[in-house]
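Q: Input: one structure, supplied below.
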Amino acid sequence: MRSVLMIRVPAVSKPGLVSDALVETLDLYPTLIDVCNPRFQQTHLPLDGKSLASVISGQTDAVRDASLSYWKNAVSVRTLEHRLIAKHAGGKYQSIELYPANSEVLAANLADDQPGKVNEMLGMFELRSTKP
């Protein structure tokens, strides 16, 4: 979504550290568990998110290869190189759009020209949605 996420953790985060790491909102809870170290460590169900503690401390640059976002009947899959937007209706993906992720200008839809990339990115969503 290209939204800014700012996190400051005293004695953990490095002042001025900037990261282009792909994150999702569901990463916030596992991150809080890691950096706050509450008395409980177990949750009733496994968490889908990933802790961002290693990114916050500057130990790693990334925790995931792609991030997902949803809006109404559409899903967006974002990697460092591309963003795929697909509407879901009638059990199928429709209106598939593929754009360069870091384009500063309005880019043309690349979906028809790069069907392999479209299938690869749709596969990222499918893997996530069928995860046990």
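Q: What about VAL75, is it farther than 24 Å from MET6 by Cβ, touching a Leu at 6+ places or on another chain (Cβ under 6 Å) and of a type outside the set (Phe, Trp, Tyr)? First the steps, then the outcome.
A: Numbers: farther than 24 Å from MET6 by Cβ: yes; touching a Leu at 6+ places or on another chain (Cβ under 6 Å): no; of a type outside the set (Phe, Trp, Tyr): yes.
Here the answer is no, as VAL75 does not meet what is asked.
Q: I'd like the full set of residues that are out of contact with any helix residue (DSSP H, G or I) (no Cβ under 9 Å at 6 or more places or on another chain) and surrounded by 18 or more Cβ atoms within 10 Å (Cβ to Cβ), limited to segment 23-32.
A: First, the residues of segment 23-32 that are out of contact with any helix residue (DSSP H, G or I) (no Cβ under 9 Å at 6 or more places or on another chain): 24-29, 32.
Hits for segment 23-32 are GLU24, ASP27.
Q: Sort out which residues of segment 90-110 are outside any loop (DSSP other than H, G, I, E, B) and at negative phi, and write them in order of number. Before the answer, list the steps.
A: Applying the first criterion (outside any loop (DSSP other than H, G, I, E, B)) to segment 90-110 yields 92-100.
Those that are outside any loop (DSSP other than H, G, I, E, B) and at negative phi: LYS92, TYR93, GLN94, ILE96, GLU97, LEU98, TYR99, PRO100.
Q: Further question: Of the conditions (1) surrounded by 12 or more Cβ atoms within 10 Å (Cβ to Cβ); (2) modelled with pLDDT of 85 or more; (3) out of contact with any strand residue (DSSP E or B) (no Cβ under 7 Å at 6 or more places or on another chain), VAL12 satisfies every one except a single condition; which number is it?
A: Of (1) surrounded by 12 or more Cβ atoms within 10 Å (Cβ to Cβ); (2) modelled with pLDDT of 85 or more; (3) out of contact with any strand residue (DSSP E or B) (no Cβ under 7 Å at 6 or more places or on another chain), only one is false for VAL12: (2).
Q: I need the full set of residues from segment 71-89 which are in a strand (DSSP E or B) and farther than 16 Å from GLY123 by Cα, in order please.
A: At the first step, the residues of segment 71-89 found to be in a strand (DSSP E or B) are 71, 74-78, 82-89.
Listed by number, the residues that qualify are TRP71, ALA89.
Q: Being surrounded by fewer than 10 Cβ atoms within 10 Å (Cβ to Cβ) and either on the phi < 0 side of the Ramachandran plot or outside any loop (DSSP other than H, G, I, E, B) (or both) is true for just one of SER51, SER19, SER3. Which residue is that?
A: On the way: SER51 fails: surrounded by fewer than 10 Cβ atoms within 10 Å (Cβ to Cβ); SER19 fails: surrounded by fewer than 10 Cβ atoms within 10 Å (Cβ to Cβ).
Every option except SER3 fails the conditions.
Q: So, one more: Exactly one of (1) in contact (Cβ under 8 Å) with a residue 24 or more places away in the chain; (2) under 17 Å from the mean Cα position of the chain (by Cα); (3) under 30 Å from ARG8 (Cβ atoms); (4) not in a loop (DSSP other than H, G, I, E, B) is unmet by LEU122. Its number?
A: (3)
The values are calculated or read from the model by the stated rules, or taken from the named source; none is laboratory data. Not measured: the values here are computed from a predicted model. Here the Cβ is made from the backbone with ideal geometry for all residues, glycine too, and neighbour counts use every protein chain on show.
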